[in-house]
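To start, the structure under review is shown below, and the notes come after it.
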Amino acid sequence: MSDGFNPLIVGFFCNWCTYLAADLAGTSRMKYAPNVRVVRTMCSGRVDPQMILWAFSHGADGVLIGGCHPGDCHYQEGNYKALRRTALLRKMLTQFGIEPERLRLEWISASEAERLRDVVNEFSEQIRGLGPLHLRPDVREEVVAA
Amino acid sequence: MNGNGNKSVKIGVYVCHCGTNIAGKVDVKALAESAAGLPGVVVSREYKYMCSDPGQDLIVKDTKQFGLNRIVVASCSPHLHELTFRKTTANAGENPYLFHLVNIREHVSWVSDDPAAATEKAKALVKAAVARVFWHQELQPRRVPVNPSVLIVGGGIAGIHAALTLASAGKPVYLVERKPSIGGHMAQFDKTFPTLDCAACILTPKMTSVKQQPNIHLMTLAEVSEVSGFVGNFKVKVKRYPRYIDEAKCVGCGECIEMCVYKEGKYPNDFDLGLGKRKPIYMPFPQAVPPVPLIDPATCIEFKSHKCPKGCVEVCGDRDAIDFSQTVKEVELEVGTIIMATGFKTFEPRRLPQYGYGKFPNVYTSLEVERLVNASGPTLGQVVLRDGRRPEAIGILHCIGSRDENTNRYCSRVCCMYSLKLAHLLKEKTGAHVYNFYIDMRTPGKGFEEFYKRVLEDGVSFIRGKVAGVTTWAQSPAEEGKLILRVEDTLLGVVRRIPVDMVVLSVAMEAQADAENVRRLFNLGCSAEGWFLERHPKLAPVDTFTDGIFLAGCCQGPKDIPDTVAQAGAAAAQSMSLIDKGYVEMEPNTAWIEEELCSGCHVCVAMCPYTAIHFDADKKVAVLNEALCKGCGTCVAACPSGAAQQNLFRDEQLFAEVEGVLV
């Protein structure tokens, strides 16, 4: 199933921590899997569950949210909100037939380029193992409407 | 519909080669060609350096020629060049927020192995940006005034220099220092490398100027306890701990110290690292600023038993400066900018027990030796061992806690030089044979290599090798009663045993023990080692990711005095450039609430960490106060009806971007 399969992953990275970790990985010339496509938000708290569902319904095989470590949020507590939303959304994903492991939330600070690399590599492999996400057309419509 | 109503959208896409940084991995030609076919794209080009003048001119010219009203540049991180290209867009006559930057360098070319995969990824990101920029709207940055007052945290040489620079330019400065005197580590040093200037001779005039400068409000025994607000308008709470002596009334005569019931110093003096003794009422050191003693309530008899004859109070007489009733006070300050100058701590050598620190009395840290060689130190400049003997042989061990996988991997930058300096001073003062044990000799500053030569000519021995351990286990009569250093001399290729009387551990610089708390207090980033993170290692070395907060000195990383002073000057200049401009432009990424769509569910009200949203009970809708909004977008993500929206991160923009990276 996973033969020749190259997963597509949307990364929602917060401007102050994880996006900067990805910048640092770049300036440090670390190499990692090319599967994650980053959408920058100011805070992981801006990541609307609808955006995640939108990603899954438009071809994403996985979604990775990167925020600041607990207590380090640039906006005090947006990362906690992301945490709560993610936990709830995972339950909903199951109901749509989407494996909850396809949604991952990680705290990666601006200095943790190595961690960013490892998380991206590991998550890409994990999604490769899960195989492509096939949403039934009727479910897909429901996901879009959700 | 699009971001500017029904006016047709004309997008220009510009792919940067960045020399070979991008073009070496990403097929920039194919990327530009693929972008040319995307909806709305009128022109798509690639160019060697988009950020160069000719690169920017391309955008300006095309905008005029093709009537572009959206610009997408695919180059480096928005943290580097977003502002550059926003200005270009403005120069081309369009609103700067009708621009979007795609990061295909840090996030693509530099991190990819496979050129084909990198090109695919870059195509997806450019496609997303084109889809996103379609929904961009004209925005105006908010302007907020900048309070001219500056808070400087830490009164070492960095804080002092920044304070004096700002104050002489007429800016009000609050200098907060947690110790009883300013001066920091530099006040503890004897001489400074490579010129051998006496540290006190060059520092104390600056310390005195701090006291005399009317624009500087000095707060010692004080700590910042709370920070709120934002660039231009910070609100800061400072805790002031009691000195038990009124600074306004004290004249610094020191008679109270003389009259203390203790006739001799009894308690270890922090400033001398416990090598000297002080009384319960004491001056931290003779040149302390403010020149006011303090009372240590833990050791003062009056505090412990209330039965002291209080000779101090009696001799102070009418001046009445001694006040046992002082308590912790909190003051609130309003400042526009903040300079962090919180310094460093020295490495704790007990973490490396093989060197016997704390076990063998004649193993010292380099900072302790600074106090020993100092004429106003605990031994009045006499270098003697704990038993009063003069050392005949001294070993200086470099890299204790630096360049070591077990402790710190980084080089502390100053140890080679201060070890050379101590070697010179110790040889001069004692005539002892001095050995330096080093891994590599690092002397890369102005006049540093020359100083190294000079110390070589002094007759100091240099042995290349890291000392394995210090022992007292003598194996020959010559080693009896000595500290024996076991070391592999890597130039001779033999293991040697070198008996000495005194061992100096050249300890590393480390981030302050509470750097983590301070970092959180000020919302700063930190490197893995605990140093505060600068905004850009080369181009913004004193800025932080929190606008209006700047870094100076060793809180940002190990450095020597000249670099510290240079950085402090830079931080002061950055702060001044904000103050003198008088206002800051805030990123217009604030949220707003569409009244007609709001169902009045209250969800956003509780979400906002800045209480920027309140509920209008009459209209039954949520109302957002733009002045308080900081643009996190948490309310937008939570709003079930789509009434809350965020500029630059509108739902349409983000959804289009997500779709763009995927399809």
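Atom-type composition of the exposed protein surface of segment B:263-367 places 52 percent of the accessible area on carbon and sulfur (1.4 angstrom probe). So, counting K/R as plus one and D/E as minus one, what does the shell of residues with Cβ under 11 Å around B:T220 add up to? Local charge sum for B:T220: +2. Summarised as an ellipsoid, segment A:1-86 has semi-axes of 23, 18, 9 Å, derived from the eigenvalues of the Cα gyration tensor scaled by 5 and square-rooted, with the largest first.
In plain terms, the chain from B:K64 to B:E392 could stretch by 110.0 nm, reckoned as 0.36 nm per residue minus the Cα-Cα distance. The mean number of partner chain beta-carbon atoms within 10 angstrom of a residue's beta-carbon across peptide B:99-111 is 5. Once you have a ≥ b ≥ c as the square roots of the Cα gyration tensor eigenvalues for segment B:255-319, tell me rounded if a/c is under 1.5, and otherwise prolate or oblate according to whether a/b is larger than b/c. Note, shape of segment B:255-319 comes out oblate.
Skip the ligands, DNA and RNA, and give the accessible area per residue of segment B:513-580 with a 1.4 Å probe, whole Å².
Numbers: 2600 Å² over 68 residues.
Dividing the accessible area of segment B:513-580 by its residue count gives 38 Å².
Solvent exposure of chain A, expressed per residue, is 38 Å² of accessible area, with all protein chains present and a 1.4 angstrom probe. When peptides B:77-83, B:185-191 are sorted by average Cβ neighbour count within 10 Å, with the highest value leading, the order is B:185-191, B:77-83.
Hull volume per residue, based on the alpha-carbon atoms of segment B:204-247 and their convex hull, is 108 Å³.
Axis angle, to the nearest 10 degrees, between helix B:415-430 and the longest C-alpha principal axis of chain B: 10 degrees. Applying a DSSP loop filter and a limit of 11 other Cβ atoms within 10 Å to the trypsin sites (Lys or Arg not before Pro) in segment B:481-582 leaves B:K538. To the nearest ten degrees, helix B:199-212 and the longest principal axis of the Cα atoms of chain B are 60 degrees apart.
Sorting A:34-40, B:355-361 by average packing, meaning the other beta carbons within 10 Å per residue, from highest down gives A:34-40, B:355-361. Rounded to the nearest 500, the helix-only mean residue ellipticity at 222 nm of chain B stands at -8000 deg cm²/dmol, with each DSSP H run of n ≥ 4 adding -39,500 (n - 2.57).
Could you give the semi-axes, largest first, of the ellipsoid that matches segment B:591-646, computed as the square roots of 5 times the alpha carbon gyration tensor eigenvalues and rounded to whole Å?
Calculated on Cα positions only, the semi-axes equal 15, 12, 9 Å.
Carbon-plus-sulfur accessible fraction, segment B:11-141 (probe radius 1.4 Å, protein heavy atoms only): 52%. Between B:V331 and B:D113, the simple spin-label model (points 7 angstrom out along Cα→Cβ) gives 6.0 nm. When the alpha carbon gyration tensor of the protein assembly as shown is reduced to an equivalent ellipsoid, its three semi-axes come out at 56, 33, 25 angstrom, largest first.
Each Lys and Arg Cβ is given +1 and each Asp and Glu Cβ -1; about its Cα centre, segment B:591-646 then shows a dipole of about 200 debye. On the basis of the beta-carbon distance and an R0 of 30 Å, A:Q126 and B:S228 show a calculated FRET efficiency of 0.15.
For the listed peptides B:194-200, B:444-450, a ranking on the average number of other beta carbons within 10 Å per residue, highest first, reads B:194-200, B:444-450. May I ask for the angle, rounded to the nearest 10°, between helix B:157-168 and the longest principal axis of chain B, with both axes built from Cα atoms and the value confined to 0 to 90°? Tilt of helix B:157-168: around 60 degrees.
Please quote Rg/Rh for segment B:186-332 to two decimal places, taking the Kirkwood radius as Rh and restricting both calculations to Cα atoms.
On the way: Rg = 17.6 Å, Rh = 17.4 Å.
Result: Rg/Rh = 1.01.
For segment A:37-143, the list of GluC sites (Glu not before Pro) that fall in a loop by DSSP and count at most 12 other C-beta atoms within 10 angstrom is empty.
Give me the percent of Cα-Cα pairs in segment B:297-365 that sit more than 19 Å apart, rounded to a whole number. Everything past 19 Å amounts to 68 percent.
When all alpha-carbon pairs of segment B:11-141 are counted, what percent fall beyond 27 Å?
Numbers: 827 of 8515 pairs.
Of the Cα pairs, 10 percent sit more than 27 Å apart.
What number does segment B:416-496 give for Rg over Rh if you use C-alpha atoms and the Kirkwood radius?
Values: Rg = 14.0 Å, Rh = 13.9 Å.
Taking Rg over the Kirkwood Rh, I get 1.01.
To make sure I understand the rule: partners must be aspartates and glutamates, Cα under 16 Å from the Cα of B:K482, and not fewer than 8 residues away in the same chain. Which ones qualify? In chain and number order, the partners are B:D387, B:E392, B:D501.
Projecting the Cα atoms of B:S412, A:L133, B:A187 onto the charge dipole of the protein assembly as shown (Cβ charges, centred on the Cα centre) puts B:A187 farthest toward the positive pole.
Once you average over the residues of B:626-635, how many Cβ atoms of partner chains fall within 10 Å of each Cβ? Write out the running numbers ahead of the final one.
On the way: counts 0, 0, 0, 0, 5, 5, 16, 10, 17, 3.
Counting Cβ atoms of other protein chains within 10 Å of each residue's Cβ and averaging gives 6.
Nearest 100 Å² is fine: how much accessible area is buried between A and B, summed over both sides, with a 1.4 Å probe? Working shown, then result.
On the way: alone 7760 and 30070 Å², together 33500 Å².
The buried area between A and B, both sides summed, comes to about 4300 Å².
In whole Å, how far is the Cα centre of segment B:362-432 from that of segment B:291-345? After rounding, the separation between the Cα centres reads 33 Å.
Quick check: at a probe of 1.4 Å, how many percent of the accessible area of segment B:513-580 sits on carbon and sulfur atoms? Write down the numbers at each step before the final one.
Values: 1460 of 2600 Å².
So the carbon and sulfur contribution to the accessible surface is 56 percent.
Computed over the alpha-carbon atoms, chain B gives an Rg to Rh ratio of 1.06, Rh here being the Kirkwood radius from the mean inverse distance.
What number, rounded to the nearest 500 deg cm²/dmol, is the helix-based mean residue ellipticity at 222 nm of chain A, given -39500 (n - 2.57) per DSSP H run of at least four residues and division by all its residues?
On the way: 5 runs with 64 residues, N = 146.
Mean residue ellipticity, 222 nm, calculated: -14000 deg cm²/dmol.
Sequence-distant contacts, meaning Cα pairs under 8 Å at least 6 residues apart, place the relative contact order of segment B:430-585 at 11 percent. Computed over protein heavy atoms with a 1.4 Å probe, the accessible surface of segment B:195-350 works out to 49 Å² per residue. Counting only other chain Cβ atoms within 10 Å of each residue's Cβ, the peptide A:17-26 averages 5.
Expressed in Å, the radius of gyration and Dmax of the Cα atoms of segment B:513-580 are 11.6, 35.
The values are calculated or read from the model by the stated rules, or taken from the named source; none is laboratory data. Because the structure is a prediction, the values reported are computed rather than measured. Backbone-built Cβ (ideal geometry, glycine too); neighbour counts: all protein chains shown. All accessible areas refer to the heavy atoms of the entire protein, side chains included, with ligands and DNA or RNA removed. Shrake-Rupley method; radii C 1.70, N 1.55, O 1.52, S 1.80 Å.
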